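Got a structure for you, questions after.
The values are calculated or read from the model by the stated rules, or taken from the named source; none is laboratory data. From a predicted model like this one, the values you see are computed outputs, not experimental measurements. Counting neighbours? That spans all protein chains shown, and the Cβs are built from the backbone with ideal geometry, glycine included. Calculation scope for accessible area: heavy atoms of the full protein, side chains included, ligands and nucleic acids excluded. Shrake-Rupley method; radii C 1.70, N 1.55, O 1.52, S 1.80 Å.
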Amino acid sequence: MNGAMMATARPVVLPASEARLLFMRQQGLLRDPARRATAASLRTLIEQLGFVQIDSINMIERAHHLTLHTRLENYRPKLLARLLERDRQLFENWTHDASAIPSAWFPHWKHRFQRAERRIRANRWWRERVGANVDRVIEEVRGRIERDGPLMSRDFVDDAPGGSGPWWGWKPQKAVLEYLWRTGELAIAGRVNFQRVYDLTERVLPEVVKLEMPDEASHVDWVCRSALERLGAASEAEIAGFWRAADLPRVRAWCRDALKRGEIVELLIESADGSKPQRAFALPDFARLIRTAPDPPEHVRLLSPFDPVIRDRKRLLRWFNFDYRFEAFVPAAKRRFGYYVLPILEGDRFIGRLDGKFDRAAGELRIHRIWAEPGERFTKARLASLDEALERLAALIGAESWTRPKPVRIDAGPVHQSSRD
């Protein structure tokens with residue numbers, strides 16, 4: 001079928017069940033999670049995901065470890081640290097948030113670095129934080145790292161009388177460190193107690209930093225194509241939102257031209273929640289990927305609130321009919337489910353949610369409450385599978401014991417308002 005025919009063909013109607021199966025396949029949720037975990041298998045998984053969001057909240061375990069453990073149950077954090085800090089096959093920078101990203105894609109981040117430099121320097125908030133002598137502070141911070149090697153924010157002392165006003169409580173040197181990192185001059189050499197250690201990028205990533213920045217057209221093509229490869233099917237806005245590396249007008253233009261060339265196909269994806277079908281795009285082999293997709297693992301898995309499948313709440317509702325809200329930043333009295341609630345996945349359906357906390361002092365993983373989604377029941381078999389998932393989670397985080405209450409239905413009785421922070 002030539003490009004002209006593809007451009008005028010009617011969209012292919014795709015059921016939500018097939019869209020979510022394709023999405024789960026591309027997001028690494030259909031492979032056997034019990035397979036061997038090695039540095040090589042972890043690198044392959046992260047390349048398949050595109051990136052892993054790194055988040056600081058540590059109520060149970062940090063988000064990046066939970067995301068990887070869901071797909072690779074024998075995963076341990078030292079494997080990620082090896083890829084980031086020793087092998088340098090991953091680097092840490094920004095997508096929609098701080099993330100671990102395959103180092104081979106570093107040249108594409110040079111476009112982001114240029115945009116960040118213009119945006120941050122124009123930000124009045126940032127300039128007020130750094131003070132009147134912006135360039136001088138930048139040179140001082142850069143010069144000290146050049147001389148002394150890798151440093152943390154705490155290695156810099158703000159000697160300005162009275163400081164220069166709050167920016168997330170950052171001192172000028174911290175704001176400059178973040179600026180130099182977001183603009184590519186510095187890279188994250190490692191972490192100490194989760195605090196970033198900064199060094200010159202040419203010392204951290206000496207090979208990839210030399211690679212030439214792709215031209216704008218090649219960059220946008222990579223942004224859009226690689227996003228579709230990892231989402232399976234997506235609207236223009238979802239493609240733009242995956243990396244947040246190309247704005248919506250550029251993505252729309254790419255989709256229009258790629259559709260004319262027959263490089264993508266147009267879809268109309270039905271919804272699981274009863275909302276109207278959504279226009280989307282996919283690469284031409286989407287039907288084969290659905291047809292050859294393995295069945296989802298049947299046993300229960302616990303997902304991070306920051307899991308890439310959970311990240312887009314609207315897509316989650318449309319394709320999985322699962323309505324999820326992250327309530328850590330909601331006042332305790334107004335929370336419906338809890339501070340850090342893990343969605344419970346079985347096969348390709350979300351059957352419940354779990355509110356828990358790891359009490360590190362006591363060595364205990366405490367599950368405050370478990371809910372069954374409307375229409376779902378926790379049978380003996382499901383409870384046994386959930387207990388196995390909790391045992392795996394306890395092994396990951398180093399919990400010596402864990403407790404589990406009896407699940408309740410979301411639609412049974414008053415909602416729970418957790419205050420267990």
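Out of all the residues in region 218-270, which are open to solvent by 30 Å² or more (accessible area, probe 1.4 Å) and in contact with a Phe, Trp or Tyr (Cβ under 9 Å, 6 or more places away or on another chain)?
Listed by number, the residues that qualify are Asp221, Trp222, Arg225, Glu236, Arg244, Glu266.
Now for a separate question. Let me confirm something: among Ala100, Ala63, which residue is closer than 20 Å to Leu29 by Cβ and out of contact with any helix residue (DSSP H, G or I) (no Cβ under 9 Å at 6 or more places or on another chain)?
Selected residue: Ala63, the only one of Ala100, Ala63 that is closer than 20 Å to Leu29 by Cβ and out of contact with any helix residue (DSSP H, G or I) (no Cβ under 9 Å at 6 or more places or on another chain).
Then there is this: Any residue in region 111-130 that's free of Cβ contacts under 8 Å to residues at least 40 places away in the same chain: show its pairings with residues that are surrounded by fewer than 14 Cβ atoms within 10 Å (Cβ to Cβ) at Cβ separation under 9 Å, as long as the two are six or more apart or on different chains.
From residues that are free of Cβ contacts under 8 Å to residues at least 40 places away in the same chain, the pairs are Glu128/Gly165.
Among Phe378, Phe326, Phe358, which is the only one that is open to solvent by less than 60 Å² (accessible area, probe 1.4 Å), part of a loop (DSSP other than H, G, I, E, B), of a type outside the set (Gly, Ala, Ser) and in contact (Cβ under 8 Å) with a residue 24 or more places away in the chain?
Exactly one residue qualifies, and that residue is Phe378.
Regarding Arg369, is this residue closer than 30 Å to Ala280 by Cα, at pLDDT 95 or above and open to solvent by 10 Å² or more (accessible area, probe 1.4 Å)?
Numbers: closer than 30 Å to Ala280 by Cα: no; at pLDDT 95 or above: yes; open to solvent by 10 Å² or more (accessible area, probe 1.4 Å): yes.
Against the criterion (closer than 30 Å to Ala280 by Cα, at pLDDT 95 or above and open to solvent by 10 Å² or more (accessible area, probe 1.4 Å)), Arg369 does not qualify.
Out of (1) in contact (Cβ under 8 Å) with a residue 60 or more places away in the chain; (2) open to solvent by 60 Å² or more (accessible area, probe 1.4 Å); (3) at positive phi, the odd one out for Gly338 is which?
(2)
Answer yes or no: is there a residue in region 208-231 that is under 22 Å from the mean Cα position of the chain (by Cα), assigned to a loop (DSSP other than H, G, I, E, B) and not acidic (Asp, Glu).
No, region 208-231 contains no residue that is under 22 Å from the mean Cα position of the chain (by Cα), assigned to a loop (DSSP other than H, G, I, E, B) and not acidic (Asp, Glu).
Tell me, which helices (runs of 4 or more DSSP H) wholly within region 61-133 include 2 or more residues that are open to solvent by less than 20 Å² (accessible area, probe 1.4 Å)?
It comes to 63-71, 106-121, 124-130.
Residues in region 31-60 that are among the polar types (S, T, N, Q), open to solvent by 30 Å² or more (accessible area, probe 1.4 Å) and at pLDDT 95 or above: how many? Steps first, answer last, please.
First pass over region 31-60, keeping only residues among the polar types (S, T, N, Q): 38, 41, 44, 48, 53, 56, 58.
Then keep just the ones that are open to solvent by 30 Å² or more (accessible area, probe 1.4 Å); that gives 38, 44, 48, 56, 58.
Filter once more, so that each one left must be at pLDDT 95 or above: 38, 44, 48, 58.
Result for region 31-60: 4.
Among the listed residues Leu354, Leu383, which satisfies the condition of being touching a Leu at 6+ places or on another chain (Cβ under 9 Å) and more than 28 Å from Val12 (Cα to Cα)?
It is Leu354.
Just for region 275-312: of the residues that are more than 29 Å from His69 (Cα to Cα) and either at pLDDT below 95 or basic (Lys, Arg) (or both), which one is surrounded by the most Cβ atoms within 10 Å (Cβ to Cβ)?
Arg279
Restricting to region 155-200, and then to whatever is among the polar types (S, T, N, Q) and open to solvent by 30 Å² or more (accessible area, probe 1.4 Å), can you tell me which residue is modelled with the lowest pLDDT?
Ser164
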